[in-house]
Amino acid sequence: MKGKKKRGIAPALVLFGAITALLLWQLLLSSTYLRVSRVDVIGQETLTPRQVEDIAGVYRGMSMLSLRVGAAEERLLADHRVVAATVVKRWPDKVEISIEEDIGVAVVPYHGHFVEFDRRLRVVAIVTDFSRINLPIVTGVLLPEVKLGDALAQERIVAARDVIIAVPASLRRLVSEINVGDVAKMYLYMNNGVRIELGGKHEVAKRLQLLAAALYAYELREFDRETVPTIDLSGEVVVFRGR
């Protein structure tokens, strides 16, 4: 009889422990503690932060414990407008969502029109009205016959794509032209007319990390394109080159 009692106590303790753990979990889920109070959305260009949150299924007030990061990322990537997505929990109550949208990054002159391509080098539009374009123009390259959906594989187009996506997002709207006539000696032209010497495509992304600081120093020193038309980023240090 004593042995039977001992064998009966163990399952009861396991059941009690499971019920206790379940109750504690439910208590945590229903608690006001560990609930999302802030959602930071980074990288969106055409989507609004609210749209990104809705697509991800992340909202203020939800439990941090019930938020499944992998599922949120899958929902974002299932949307045709999103090509990359990362969701990170910032304990105890914040969530960061970083996305990349599938939108045009630059245009190339094409038989009196402009071919718009995205970061995957696909043709996403053929634009006839120049006033509608708010993207950098790629010069120094000739396109063959293309149609919507085609992939542009030319070395110069690939180099131009790599340049524009390496430009900090906050500065891309200031870029008016990317010249890739020679991929060993590429140039950016800013909206204010200043020319940026980039050098070759090797490690161009690393050199473009200096662009924001270079433009800030250019403005701080009160340079202008009449006296100092060029910022040289092709070497290890930034050089302001006058006429």
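Enumerate by residue number the GluC sites (Glu not before Pro) in the stretch 165-243 meeting two conditions: DSSP loop (anything except H, G, I, E, B), and at most 14 other Cβ atoms within 10 Å of the site's Cβ.
Numbers: sites: Glu177, Glu197, Glu203, Glu219, Glu222, Glu226, Glu236; in loops: Glu203, Glu222, Glu226, Glu236.
In loop regions of the stretch 165-243 (DSSP not H, G, I, E or B), the sparsely surrounded GluC sites (Glu not before Pro) are Glu203, Glu222, Glu226, Glu236.
Each Lys and Arg Cβ is given +1 and each Asp and Glu Cβ -1; about its Cα centre, the chain then shows a dipole of about 1920 debye. Rg then Dmax, both in Å and based on the Cα atoms of the stretch 104-241: 15.0, 46.
If you place +1 on the Cβ of every Lys and Arg and -1 on the Cβ of every Asp and Glu, how big does the dipole about the Cα centre of the stretch 149-243 come out, in debye to the nearest 20? Roughly 40 debye for the stretch 149-243. Taking GluC sites (Glu not before Pro) across the stretch 98-164, the ones in a DSSP loop with at most 14 further Cβ atoms lying within 10 angstrom of their Cβ are Glu145.
Database remark: amide H of Arg35 closer than 5 angstrom to the amide H of Met64 (H placed geometrically; neighbours at sequence offset of 5 or more, or on other chains; Pro and chain starts carry no H).
If you line up the long axis of helix 211-220 against the longest principal axis of the chain, both from Cα atoms, how many degrees apart are they, to the nearest 10? The two axes meet at around 60 degrees. With no solvent and one point per C-alpha, what does the Debye sum give as log10 I(q)/I(0) for the stretch 38-100 at q = 0.27 Å⁻¹? The Cα Debye sum returns log10 ratios of -1.23.
Within the straight-line cut-off of under 12 Å between alpha carbons, the aspartates and glutamates reachable from Lys147 are Glu116, sequence neighbours fewer than 8 places apart in one chain being disregarded.
Computed on the stretch 104-241, with alpha-carbon pairs under 8 angstrom and 6+ residues apart, the relative contact order is 17 percent. Computed on the Cα trace of the chain, the radius of gyration divided by the Kirkwood hydrodynamic radius gives Rg/Rh = 1.23.
The angle separating the long axis of helix 2-30 from the principal Cα axis of greatest extent in the chain is about 40 degrees. Taking amide hydrogens as placed 1.01 Å from N in the peptide plane, the amide H of Ser176 sits under 5 Å from those of Tyr189, Met190, Asn191, each at least 5 positions away in sequence or on another chain. Counting only DSSP beta bridges whose two residues both lie in the chain, roughly 70 percent are antiparallel. With Rh defined as the Kirkwood radius, the inverse of the mean 1/r over Cα pairs, the Rg/Rh of the stretch 196-243 is 0.97.
Throughout, read-outs are computed from the coordinates displayed, never taken from laboratory work. Because the structure is predicted, anything quoted here is derived from the model rather than measured. Don't worry about glycine lacking a Cβ; one is built from the backbone with ideal geometry, like all the others, and counts go over all protein chains shown.
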